[in-house]
1. Hey, does the stretch 131-138 have a residue that's in contact with a helix residue (DSSP H, G or I) (Cβ under 6 Å, 6 or more places away or on another chain) and of a type in the set (Val, Ile, Thr)?
2. Take residues that are touching a His at 6+ places or on another chain (Cβ under 8 Å) and either free of Cβ contacts under 8 Å to residues at least 12 places away in the same chain or surrounded by fewer than 16 Cβ atoms within 10 Å (Cβ to Cβ) (or both) and tell me which of the strands (runs of 3 or more DSSP E) falling wholly in the stretch 59-172 contain 2 or more.
3. Considering the stretch 3-58 alone, what residues qualify as being part of a loop (DSSP other than H, G, I, E, B) and either of a type in the set (Val, Ile, Thr) or within 22 Å of ALA106 (Cα to Cα) (or both)?
4. State whether one or more residues within the stretch 98-110 are of a type in the set (Lys, Arg) and touching a helix residue (DSSP H, G or I) at 6+ places or on another chain (Cβ under 7 Å).
5. Filter the stretch 16-36 down to residues that are aliphatic (A, V, I, L, M) and surrounded by 19 or more Cβ atoms within 10 Å (Cβ to Cβ), then give me how many there are.
6. Within the stretch 78-101, does at least one residue satisfy the condition of being closer than 21 Å to VAL11 by Cβ and of a type in the set (Asp, Glu)?
Amino acid sequence: MSIRLRQIALVANKLAPVIDDLKAVFGLEVCYIDPGVGVFGLENSLLPVGNNFIEVVAPIKEGTAGGRYLKRRGGDGGYMVICQCVTHADQLERREHAKEMGIRIALERENSEYHILQLHPADTGGSFFEIDWDGKGEPEGHWEPAGGDGWRKAKRTEVVSAYSAVRFHSCT
């Protein structure tokens, strides 16, 4: 089974200052703003780092999971680790393994092109762990959470060209 780190998400009290800092320090550009995160009371921006992504989310209304997480951790920080499986079968096998371990599914949506599988943060050490499958089968290319293929026009590698790992510390 193959799985790769594809995206990390940070949560911030305010979106713009964090995006401005990432752009200034790492020479990155915003590639996509997902209107779908509004259902969770959030706003976001995605920035490509090589063929991976940094997403920053910020609450835009009270009572969101993101807002509660910010309060628990005492400020901005890591929020999600998002991985990509090469095949749908790999993803479904990991789903079953998580269920066998007693890990709850926080969110799951599937269509013929994309399947999102988000594991509950209370069961994964304090952050969301997401295992997704993109039907285009391009682990270095098409990525539905970044709007598909359009992200490449914002790709900048002069300062930073990749990240290979992420480590979040528990806020509890």
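1. yes
2. Here the list reads 105-110.
3. ALA12, VAL30, ILE33, ASP34, GLY41
4. yes
5. The number of residues fulfilling the criteria is 4.
6. The answer is no, given that none of the residues of the stretch 78-101 is closer than 21 Å to VAL11 by Cβ and of a type in the set (Asp, Glu).
Only the coordinates and a few stated rules stand behind these numbers; no lab work does. Bear in mind that the values here come from a model prediction, so they are computed numbers and not experimental data. Reconstructed Cβ throughout: ideal geometry from the backbone, glycine too, with neighbour counts over all protein chains shown.
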